[in-house]
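Report on the structure given below.
The values are calculated or read from the model by the stated rules, or taken from the named source; none is laboratory data. Everything numeric in this text was worked out from a predicted model, so none of it was measured. Positions of Cβ are generated from backbone atoms using ideal geometry, with glycine treated the same way; all protein chains shown enter the neighbour counts. Ligands, DNA and RNA are stripped out before the accessible areas are found, and what is left, the full protein with its side chains, is counted by its heavy atoms. Shrake-Rupley method; radii C 1.70, N 1.55, O 1.52, S 1.80 Å.
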Amino acid sequence: MKSIVFTIKTAYSREKYFLELEENTEKPWEIKDQIETALFGKMCFCDAYDLVKYKEVDEKYIAKREKAISKLKNLVGDRFEDNYPCWEYMTLESLRDSIRYEKEQMITD
């Protein structure tokens, strides 16, 4: 199964997301359809956006991302699903930022 990181531009930001593509997804329009389904149907994204780019990520990226998810889940425990409802679309970079944030919160609490 292929996975991508895609970047969108809105009126107020530039955002990156991770997406596991359905099997046998090859054509650019199929990828764009899956991006749209993820944004509107699953993440409840409701703002206008332009797709800037997408790129396929390798197994090494996916393994690092899975490790970061486990680390974040261990940090937040039962609050994980509530605090990160769209965690399956988070990039490795945003997961790492969230881990840093959660660690800082533990220090200040």
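For segment 67-94, a residue qualifies if it is modelled with pLDDT of 95 or more and either of a type in the set (Asp, Glu) or assigned to a strand (DSSP E or B) (or both), and the qualifying residues are Glu88, Glu93. For the subset of segment 87-109 comprising residues that are out of contact with any Phe, Trp or Tyr (no Cβ under 9 Å at 6 or more places or on another chain), of a type in the set (Asp, Glu) and open to solvent by less than 100 Å² (accessible area, probe 1.4 Å), which member is nearest to Ala38 (Cα to Cα)? Across segment 87-109, the extreme among qualifying residues is Glu93. Counted as qualifying within segment 1-66 are the strands (runs of 3 or more DSSP E) with 2 or more residues that are out of contact with any Asp or Glu (no Cβ under 8 Å at 6 or more places or on another chain), of a type in the set (A, V, I, L, M, F, W, C) and open to solvent by less than 40 Å² (accessible area, probe 1.4 Å), namely 3-9. Selection of first residues in segment 37-48 that are within 23 Å of Thr25 (Cα to Cα) and of second residues that are open to solvent by less than 30 Å² (accessible area, probe 1.4 Å) and not in a loop (DSSP other than H, G, I, E, B), restricted to Cβ pairs under 7 Å at least 6 apart or on distinct chains, gives the following pairs, ordered by first then second residue: Ala38/Leu19; Ala38/Tyr89; Met43/Tyr89; Phe45/Leu39.
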